[in-house]
């Protein structure tokens, strides 16, 4: 029996089967990475769906990326993958109040905390990678690289805000992971999550988008699953937002120097058309904690 990775004892159904050989070839072609060692004795990759929330995940769970995979991926593709600023950083920072306590789970180099400068927040980072440790030390950010389970037990009800940007899709047991994030919130705390938007796949139709596949990603989230999972963790959805292709407008204007109102209007029309055709690339959800409790997920 295949376990439901979001809800303990929840039911799942199989909705898709992917070709392992095709996945391996995509990583070699696009990122110069041989991931075949993670697919030993795996004939096919199934996409399973939680029947209660609609959350989908890849199976078997053994194909999750290991430390070697991530070291090789980022060493070989730093310029393509590393981003100092993200749309979701700005959106999250806009709602975080001054002098709050903020934990960023999967904080990487701590780039999100740059968006909080001037707010006098008490910032904490949690990330298991060795790469993150050295960067956070250099920035003077308080952090831990221990597993989220043990960190959560030491920090129950400590933070006003807990954030997770582009991290939840990597986790093979998201139910336990989210439970830990919620546990660390204060009674009226806020959970902020940003994930790639899959309606039903990344950019709607790209089922084999390389970095949206295992071993890089283990889960597929969309608006429906993000909204429905709130009840599982006794959260309330406070706000939901999409990032589309609109960010490219500013990029185009900076590169070309063209900034007239007419050009901006044309660009907005064009990128809104792309959003409708291809879908929006990132989903951001802001949850409020319903009550202080030790959830059993």
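Computed from the coordinates by the stated procedures, all read-outs in this text should not be read as laboratory data. This is a predicted model, so every value here is computed, not measured. We place every Cβ from the backbone using ideal geometry, glycine too, and count neighbours over all the protein chains shown.
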Potential extension, residue 224-residue 72 segment - 0.36 nm per residue separation minus Cα distance:
51.3 nm
Find the eigenvalues of the gyration tensor of the Cα atoms of the stretch 140-189, then list the square roots of 5 times those eigenvalues as equivalent ellipsoid semi-axes, largest first, in whole angstrom.
17, 14, 12
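Any idea what % of Cα-Cα pairs in the stretch 70-195 are farther than 21 Å?
Numbers: 2808 of 7875 pairs.
Distances greater than 21 Å cover 36 percent of the Cα pairs.
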Cβ crowding within 10 Å averaged over residues, with 98-105, 211-218 ranked highest first:
211-218, 98-105
Treating each Cα of the stretch 110-177 as an identical point scatterer and ignoring solvent, apply the Debye formula and state log10 I(q)/I(0) at q = 0.27 Å⁻¹.
-1.52
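Which FRET efficiency value, to the nearest 0.05, is calculated for residue 11 and residue 176 with the Förster distance at 22 angstrom and r the Cβ-Cβ distance? Can you show the working numbers first?
On the way: r = 18 Å, r/R0 = 0.82.
E(calc), rounded to 0.05, equals 0.75.
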Using only the Cα atoms of the stretch 1-141, each taken as one equal point scatterer with no solvent, compute I(q) by the Debye sum, divide by I(0), and report log10 of the ratio at q = 0.10, 0.20 Å⁻¹.
-0.52, -1.14
Additional length obtainable on full extension of the chain from residue 139 to residue 99, 0.36 nm per residue less Cα span:
12.5 nm
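Rounded to the nearest 0.05, what FRET efficiency do residue 150 and residue 239 have when you use their Cβ-Cβ distance and R0 = 45 Å?
With a Förster radius of 45 Å, E is 0.90.
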Multiplying the sequence separation of residue 25 and residue 3 by 0.36 nm and subtracting their Cα-Cα distance, what value in nm do you get?
5.1 nm
Sketch the reach of a paramagnetic label on residue 207 as a point 7 Å from Cα along Cα-to-Cβ, and name the residues of the stretch 28-50 whose backbone nitrogen lies under 16 Å away.
44-49
Put in order of increasing Cβ neighbours within 10 Å, starting from the fewest, 286, 141 give 141, 286
Rounded to the angstrom and largest first, Cα extents along the principal axes for the stretch 95-143 equal 30, 18, 14
